[in-house]
Amino acid sequence: MFAVILVALFAKSLAPHDPKMINPAMMLKPPVWVDGGSSLHILGTDNLGRDILSRIIYGSQISLAVGISSVAFAGVIGVFVGLVAGYYGGFIDNILMRLVDSFLAIPTILFALVFLTIFGPSVPTLIVVLGITNWVQYARLVRGEVLSIKEREFVKAARSIGVRDCKIILRHLLPNVISPFIVISTLSVATTIILEASLSFLGLGIQPPTISWGGILSDGRDYVATSWWLATFPGMAITITVLAIIFLGDWLRDVLDPRDNH
Amino acid sequence: MTEALLEIKDLKTYFHTENGVVPSVDGVSFSIKKGETIAVVGESGSGKSVTSLSIMGLVGSPGKIVGGEVLFEGKDLTAISKRDMRKLRGNDIAMIFQEPLTSLNPLFTVGNQISESIKLHQNASKEQAKVKSIEMLRKVGIPRPEKVYSSYPHLLSGGMRQRVMIAMALSCNPKLLIADEPTTALDVTIQAQILQLMRNLIHENDTSILLITHDLGVVAEMVDTVIVMYAGHVVEYTDVYTLFKEPKHPYTKGLLDSTPKIHELKDELQSIEGTVPTPGSITQGCRFQTRCPLASGKCFTEDPELKEIAQNHKVRCWLHEEGEVAI
Amino acid sequence: MGKFLIRRLLQIIPVLFIISFVVFCLVFVAGDPVALMLPEDASPEDIEQLRESLGLNKPFHVQYFTYMLGLVQFDFGESFRYKESALPIVLERLPATLELATASMIVAIVIAIPLGIWSATKKNSPLDFLATGGAVLWKAMPNFWLGIMLIILFSVTLGWFPVSGRGSLSHLVLPALTLGTGIAAEMTRLIRSSMLEILNQDYIRTARSKGIREFFVINKHAFRNALIPVVTITALQTSTVVGGTLITETVFSWPGLGQLLIQAVNTRDMAIVQASVFIIAFMVILMNLLADIVYKILDPRIKYLKGEDICRSIHRLEIKIQQLQVQSRERLISLSVGCDFC
C-alpha cells in the first residue's frame with residue numbers, strides 16, 4: 001500500500017518517459033519480453049506510441065486522490081447522518097432512513113452515470129458523485145452502532161445528569177463508532193477506485209488528457225484483438241492497488257477491533 | 001459387581017491453541033455400571049464438559065483426545081471408525097445439553113428433529129417415526145404432543161424444550177445418557193420437574209446416566225457416585241453418601257461449604273477464594289495449591305496421585321497419603 | 001403476513017416518489033435538450049418554438065406536475081433519438097438484461113454455495129485459503145477488466161467464444177462468467193462467514209450427538225440456517241448486480257438495458273435515461289421486497305411474531321448481516337426491511 005502511495009507521490013522521477021509524449025515511431029510496441037518489444041518501453045506502448053508504464057505510474061495519482069477524497073467526503077456526510085438518525089430516532093430517523101433506502105434502490109454506478117452526464121465529467125464532480133453514492137453505507141453503519149451504544153449505561157448516565165445532546169454525540173458516541181468506520185472506509189477506498197475506473201472506462205469519469213487507469217483501459221479495449229498489453233497492465237495496477245488497500249483494511253480491523261479476534 | 005458399561009482410562013483431551021497446549025482433561029479415569037447414575041462435579045473450567053464431549057467423540061477443533069481409552073461395552077470409542085461412532089451416538093449413547101434454548105435447530109419442527117434420530121437408528125419409516133416421536137413426547141410429560149410435534153422450538157418454553165431434548169435423547173433407548181447441566185438454564189420449579197422426569201425414565205429403562213453439573217443439590221437428589229473434578233483432574237471419587245458425610249479433599253469441602261443447607265443455620269455462606277486456574281498454568285505441585293487453605297510444603301512441588309484411601313473412596317491430596325502430612 | 005406485505009408495498013411508494021423527484025431535479029438542472037435535438041443552424045425562433053411545444057419554458061413546479069402526471073400513466077416522454085415513447089424501448093431491452101443477470105446469478109450460485117460451505121467446514125485448509133484468497137483477488141479485480149481479459153484469452157487467443165453480441169448460448173458464456181464470478185466472490189465469503197458462525201451453534205452439536213452424518217449436519221442443519229442472511233443479502237445485492245450488468249453489457253456489446261442506457265447518457269436522451277432509471281430502481285425495490293418475503297419463509301420464527309418483536313428480530317438480522325459484511329469485507333448493504341414499530 002505504501003509502495004503505491006510512494007509511486008503516486010514520486011511519479012515524476014519514477015516514470016521512465018513523459019506519459020503524454022506521442023511517438024509515432026513506437027506505436028503499439030509489445031512489452032519487452034515479447035518478440036518485437038523494446039527495452040525502452042518495458043510494458044510496451046499504446047496506439048499513439050506512449051509508454052504504458054509511465055502512464056500507469058501517473059495514473060496512480062488520480063486514482064488514489066479521487067478514491068481517498070471521495071471517501072472522506074462520504075464519511076463526513078454518512079457519519080453525521082448516522083449519528084443524528086441513530087441518536088434522535090423517531091421521525092428524523094424515519095425520514096433519513098427512507099432517504100437511505102431510496103439511494104440504495106439506485107445502483108451506484110447508475111446514479112453516478114446520470115449525475116456525471118448532467119454536470120459534466122470532471123475531477124471535482126467525480127469526487128462529489130462518488131461521495132454521494134457512498135455516504136449511505138456509513139450512515140447505515142453508524143446508525144446501527146449508535147442504536148446499540150445508545151442503550152448502554154454510560155450514555156444513559158450522561159443523559160440522566162443532563163449532558164447536552166451534541167456533547168453526548170461528540171464525546172460518547174462518536175469515539176465508539178470511529179473504529180468500525182475507519183475499517184469500512186479503508187475498504188471503501190478500494191471499491192471507489194474500482195468504481196472510478198469503471199466510470200472512466202465508460203468514458204464518463206476522468207477525461208483525457210488527464211491520465212487515469214480506467215482511461216488507459218478504455219483506450220486498450222479497442223485493441224484487444226491485436227495488442228493485449230494495453231488493457232492488461234492498467235487492470236493489474238488496479239488489482240494490485242485494491243488488494244493492497246484490502247490488506248491494509250484487514251490489518252486495521254485486527255488492530256482496531258478487539259472484539260474480532262481472528 | 002457387574003461389568004462396567006463405560007470405562008474411562010486415563011483420558012487426556014488437550015486443546016492446541018495459539019498460546020500453547022491446554023490440557024483440559026488430564027488423565028481422567030472412572031467407570032459407570034449399568035443402571036448407575038454418576039455425577040461429574042466441578043466449577044466451569046474444570047474439564048467436566050470436555051470429558052463428556054470426549055466420550056461422545058464431539059470435541060471440536062482445536063481440541064483433541066491425545067491419550068487414554070473410552071471403553072464402551074468393551075469397545076474403545078477413541079479407536080473405532082467415525083461410522084461406527086455415528087451409529088453409537090444418539091442410539092446407544094445420547095446426550096442432553098445445558099441450553100435448551102439454543103440446542104434445538106430453530107428451522108425444523110420439534111417432530112422433525114425427534115424423528116430424525118429414530119429414522120436414522122431404528123430404520124423406521126416416516127409414519128412409524130412420527131408415532132414413536134409423539135409417544136416419546138407424551139412420555140416426557142408434554143401436553144398435546146401431536147400439536148407440539150409440528151411446532152417450532154421457539155414457541156415452547158425453556159422447560160418444554162428441555163423435555164423435548166430429553167424425548168429426543170431417549171427416543172432410541174440409549175444405554176448411556178450424558179446430561180450436561182440439564183437443569184442449569186431452567187427455573188427452580190422446572191428444575192425439580194425435569195430431574196423427577198429423568199429419574200423416572202431411567203428406572204424404567206435401566207439407563208446409565210453421566211450427569212455433568214456444578215449443583216450439589218442435584219447431585220444429592222440424583223446420583224449414586226460422584227466424581228469431583230478440578231482443573232482437568234479427578235480430585236475425589238466416591239459414592240454420594242460418603243461424599244456428603246466425609247469429604248476428604250479440601251476442594252470438595254469447600255464446595256460443600258459453599259452450598260446452603262436447610263438444617264444448618266449459618267449467617268454466612270463460605271466460598272472458595274479465587275477461580276479455577278487456566279489448565280496448564282500450574283506446572284508444579286498440586287493444581288489446587290493456589291486456593292487451598294491447607295496447602296504446604298509438598299503441595300507446591302509435587303503433584304499428588306489419586307489414591308484409594310478407603311473402599312470406593314479415592315482422593316488426590318497429599319493430606320491423605322499414608323504416612324504423609326497428617327491433618 | 002398479508003398485512004406485512006401490504007405495508008411493505010405501501011412503503012415502496014415514498015421511495016419511488018423520492019427517486020422520481022431526484023431524477024426530475026437532475027434532468028431539470030441539466031438544462032434542456034433542445035440544442036441537441038435541432039440541427040446546429042436552427043434559428044432562435046425555432047428553438048423557442050420547440051421549447052414551448054415541449055413545455056420547457058414553464059416554471060419548475062408546473063413542469064414537475066406535468067412530469068408526475070405522465071409518470072403515473074407510465075409515460076416518460078418521447079425519446080428524441082428513436083422518436084418513440086421511451087418506456088417501450090426500454091422494456092424491449094429488458095429481456096436481454098434479465099437473461100444476463102439470471103445466467104450470472106446461476107454461475108454465482110453454482111460456484112459460491114459449494115465453495116462457501118466447503119471452505120467453512122474445512123477452515124484453514126489449503127482449499128479454504130484458495131477459496132478466500134480467490135474471493136479477495138476477484139473482488140480486487142475490476143469486473144470489466146476481467147471481462148476484457150476473458151475476451152483476450154478465450155475469444156482472441158483460443159477462439160472458443162464470440163467476442164461480443166447476443167444470440168446463441170456461446171455468446172452468453174463469457175459475460176455470464178465475468179459477472180457471475182464477480183458476484184460469486186462476495187457470496188462465497190458471505191456463505192463462509194455465515195456457515196462458520198452457525199457451525200458453532202449448540203444445535204449443530206445436538207445434531208452431531210444424534211449420530212447424524214456430517215454431510216447432513218452441514219447441508220441440512222447448518223446450511224439452512226446459514227442461508228437466511230445470505231439470501232437476504234443476495235436479494236439486496238440486486239442493485240449491485242444490475243450495476244454490474246451495465247458495465248458488462250458495454251464490454252461485451254450485449255444489447256441490453258445497460259447498453260441502451262449508456263448510449264442514452266452519451267446522447268443525453270433524457271426520456272430514455274429516466275425510464276431506464278425508473279425501471280431499474282423498480283426492479284431493485286421489487287427484489288428487496290422479495291428478500292423480505294423469502295426471509296419470512298425461511299425463518300419460521302418470524303411468522304409468529306407480532307409488531308415490536310418483528311422489529312427486534314429484523315434489527316438482530318440486520319446487525320448480524322453488518323457483522324458478516326464487516327467480517328467478510330463486503331460493502332455494506334442495508335437491510336431495507338421496513339420497521340414501523342420502533
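With respect to the numbered conditions (1) at pLDDT below 85; (2) at negative phi; (3) within 14 Å of another protein chain (Cβ to nearest Cβ), which one is the sole condition not fulfilled by B:Ser24?
Of everything listed in (1) at pLDDT below 85; (2) at negative phi; (3) within 14 Å of another protein chain (Cβ to nearest Cβ), B:Ser24 misses just condition (3).
Select, from C:Ser170, C:Ser155, C:Ser193, the only residue that is assigned to a helix (DSSP H, G or I), out of contact with any strand residue (DSSP E or B) (no Cβ under 8 Å at 6 or more places or on another chain), more than 12 Å from chain A (Cβ to nearest Cβ) and of a type in the set (Ser, Thr, Tyr).
Of C:Ser170, C:Ser155, C:Ser193, the one residue that is assigned to a helix (DSSP H, G or I), out of contact with any strand residue (DSSP E or B) (no Cβ under 8 Å at 6 or more places or on another chain), more than 12 Å from chain A (Cβ to nearest Cβ) and of a type in the set (Ser, Thr, Tyr) is C:Ser170.
Condition first: crowded, with 18+ Cβ neighbours inside 10 Å and either of a type outside the set (A, V, I, L, M, F, W, C) or touching a Pro at 6+ places or on another chain (Cβ under 6 Å) (or both). Now tell me which residues in the range C:100-120 satisfy that.
C:Leu100, C:Ser104, C:Gly116, C:Ser119
Going residue by residue through the range B:54-70, is there one that turns out to be within 23 Å of B:Val276 (Cα to Cα), in a helix (DSSP H, G or I), within 14 Å of chain C (Cβ to nearest Cβ) and free of Cβ contacts under 8 Å to residues at least 60 places away in the same chain?
Yes, there is a match, as at least one residue in the range B:54-70 is within 23 Å of B:Val276 (Cα to Cα), in a helix (DSSP H, G or I), within 14 Å of chain C (Cβ to nearest Cβ) and free of Cβ contacts under 8 Å to residues at least 60 places away in the same chain.
Write out, first by first residue and then by second, each pair whose Cβ atoms fall under 6 Å of each other, whose residues are 6+ apart or on separate chains, and whose first residue, in the range B:117-145, is within 14 Å of chain C (Cβ to nearest Cβ) and surrounded by 14 or more Cβ atoms within 10 Å (Cβ to Cβ) while the second is of a type in the set (Ser, Thr, Tyr) and in a helix (DSSP H, G or I).
Listed by first residue and then by second, the contacts come to B:Ala129/B:Ser115; B:Ser133/B:Ser115.
For the range A:66-91, how many residues meet the condition of being within 16 Å of A:Gly144 (Cβ to Cβ) and part of a helix (DSSP H, G or I)?
Looking only at the range A:66-91, we keep the residues that are within 16 Å of A:Gly144 (Cβ to Cβ), and these are A:75, A:78-89.
Next, from what is left, pick out any that are part of a helix (DSSP H, G or I): A:75, A:78-88.
Counting residues in the range A:66-91 that are within 16 Å of A:Gly144 (Cβ to Cβ) and part of a helix (DSSP H, G or I) gives 12.
Among the residues of the range B:126-156, which ones are part of a loop (DSSP other than H, G, I, E, B) and closer than 26 Å to C:Asn225 by Cα?
Passing the criteria: B:Ser150, B:Ser151, B:Tyr152, B:Leu156.
Would the range C:253-269 turn up any residue that is facing chain A (nearest Cβ under 8 Å), of a type outside the set (Gly, Ala, Ser), touching a residue at least 40 places away in the same chain (Cβ under 8 Å) and assigned to a helix (DSSP H, G or I)?
In the first step, residues of the range C:253-269 are kept if they are facing chain A (nearest Cβ under 8 Å); the result is C:261-262, C:265-266, C:268.
Okay, now just the ones that are also of a type outside the set (Gly, Ala, Ser), so C:261-262, C:265-266, C:268.
Now restrict to residues that are touching a residue at least 40 places away in the same chain (Cβ under 8 Å): C:268.
Restricting the remaining residues to those that are assigned to a helix (DSSP H, G or I) gives none.
No, there is no match, as no residue in the range C:253-269 is facing chain A (nearest Cβ under 8 Å), of a type outside the set (Gly, Ala, Ser), touching a residue at least 40 places away in the same chain (Cβ under 8 Å) and assigned to a helix (DSSP H, G or I).
Would you confirm, using the coordinates I've provided, whether B:Asp10 is within 30 Å of B:Ser258 (Cα to Cα) and surrounded by fewer than 18 Cβ atoms within 10 Å (Cβ to Cβ)?
Yes.
Do we have C:Leu127 as surrounded by 12 or more Cβ atoms within 10 Å (Cβ to Cβ), away from chain A (no Cβ under 14 Å) and assigned to a helix (DSSP H, G or I) here? Show your work before the answer.
Working: surrounded by 12 or more Cβ atoms within 10 Å (Cβ to Cβ): yes; away from chain A (no Cβ under 14 Å): yes; assigned to a helix (DSSP H, G or I): yes.
Yes; evaluated as a whole, the condition is true for this residue.
For residues in the range B:81-106 being surrounded by fewer than 19 Cβ atoms within 10 Å (Cβ to Cβ) and under 21 Å from C:Leu227 (Cα atoms), which is farthest from the other protein chains (Cβ to nearest Cβ)?
Top of the filtered list is B:Leu101.
From the list A:Val155, A:Val142, A:Val183, exactly one residue is of a type outside the set (Asp, Glu), closer than 22 Å to A:Val84 by Cα, in contact with a His (Cβ under 6 Å, 6 or more places away or on another chain) and in a helix (DSSP H, G or I). Which is it?
Only one candidate qualifies: A:Val155.
Using the structure shown, decide if C:Leu169 is more than 25 Å from A:Pro234 (Cβ to Cβ), out of contact with any Gly (no Cβ under 7 Å at 6 or more places or on another chain) and free of Cβ contacts under 8 Å to residues at least 24 places away in the same chain. Even if it seems obvious, please write down each step before you answer.
Working: more than 25 Å from A:Pro234 (Cβ to Cβ): yes; out of contact with any Gly (no Cβ under 7 Å at 6 or more places or on another chain): yes; free of Cβ contacts under 8 Å to residues at least 24 places away in the same chain: yes.
So C:Leu169 fits the description; yes.
The values are calculated or read from the model by the stated rules, or taken from the named source; none is laboratory data. The structure displayed is predicted, hence computed values, not measured ones. So basically every Cβ, Gly included, is an ideal-geometry build from the backbone, and we count neighbours across all protein chains shown.
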